[in-house]
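Nothing in this text is a laboratory measurement; each read-out follows from the coordinates by a stated rule. These figures come from a predicted structure and were not determined experimentally. Ideal geometry is used to build each Cβ from the backbone, glycine not excepted, and the neighbour counts take in all protein chains shown.
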Amino acid sequence: MTLLDGNALAGRLAEVLGGDATDSPIRCRHCGEVGELGRVVVFATAMGLVARCRGCDGVLLTLIDADDGRSWFGMPGLSTLPLRGR
Ligand SMILES: [Zn+2]
C-alpha cells in the first residue's frame with residue numbers, strides 16, 4: 001500500500017468520469033470538514049484507490065479495479081463531486 005495525496009486521483013477520475021476534480025470543493029459527510037479533493041489522503045493498492053478525510057479518516061471515495069476490466073466507483077463520504085473539463 002502506498003500513501004499519496006488527492007492529486008493521485010486525477011488521472012483515474014478523468015478516465016472514469018471524464019473530468020478533473022482535484023481542485024473541486026468537497027465536504028466530508030462524516031465530520032463536515034471542507035476542502036479540495038486534491039488535499040485528501042489516498043491509499044493506493046493493487047486493487048485501486050481509497051481516499052480518506054484528513055479530519056476524521058472517514059472513507060470519502062473509492063475506485064476499485066476488478067480483474068474483469070470493470071471499475072467500481074463509490075463516494076461513501078461525499079454527496080457531490082464537481083468536475084471540470086466536461
Ligand atoms: Zn471527515
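What to note about this one:
- When residues of region 5-29 are limited to those that are touching a strand residue (DSSP E or B) at 6+ places or on another chain (Cβ under 9 Å) and assigned to a loop (DSSP other than H, G, I, E, B), the one nearest to the ligand (Cβ to nearest atom): CYS28
- Look at (1) assigned to a strand (DSSP E or B); (2) without any contact (Cβ under 8 Å) to a residue 40 or more places away in the chain; (3) surrounded by 14 or more Cβ atoms within 10 Å (Cβ to Cβ); (4) not basic (Lys, Arg) and you find that GLY55 fails only one, number (1).
- Within region 30-52, the set of residues being outside any strand (DSSP E or B) and in contact with a helix residue (DSSP H, G or I) (Cβ under 8 Å, 6 or more places away or on another chain) comprises LEU37, GLY38, ARG39, VAL40.
- Residues that are loosely packed, with under 15 Cβ neighbours inside 10 Å and within 18 Å of ARG84 (Cβ to Cβ) within region 20-33 comprise ASP23, PRO25, listed in sequence order.
- Residues of region 59-81 satisfying the condition of being farther than 17 Å from PRO25 by Cα and in a loop (DSSP other than H, G, I, E, B): ALA66, ASP67, ASP68, GLY69, ARG70
- Leading residue by the ranking (farthest from ALA21 (Cα to Cα)) among those in region 58-67 that are surrounded by 14 or more Cβ atoms within 10 Å (Cβ to Cβ) and more than 14 Å from the ligand (Cβ to nearest atom): ASP65
- Within region 75-86, tally of residues that are surrounded by fewer than 14 Cβ atoms within 10 Å (Cβ to Cβ) and either within 16 Å of the ligand (Cβ to nearest atom) or without any contact (Cβ under 8 Å) to a residue 12 or more places away in the chain (or both): 3
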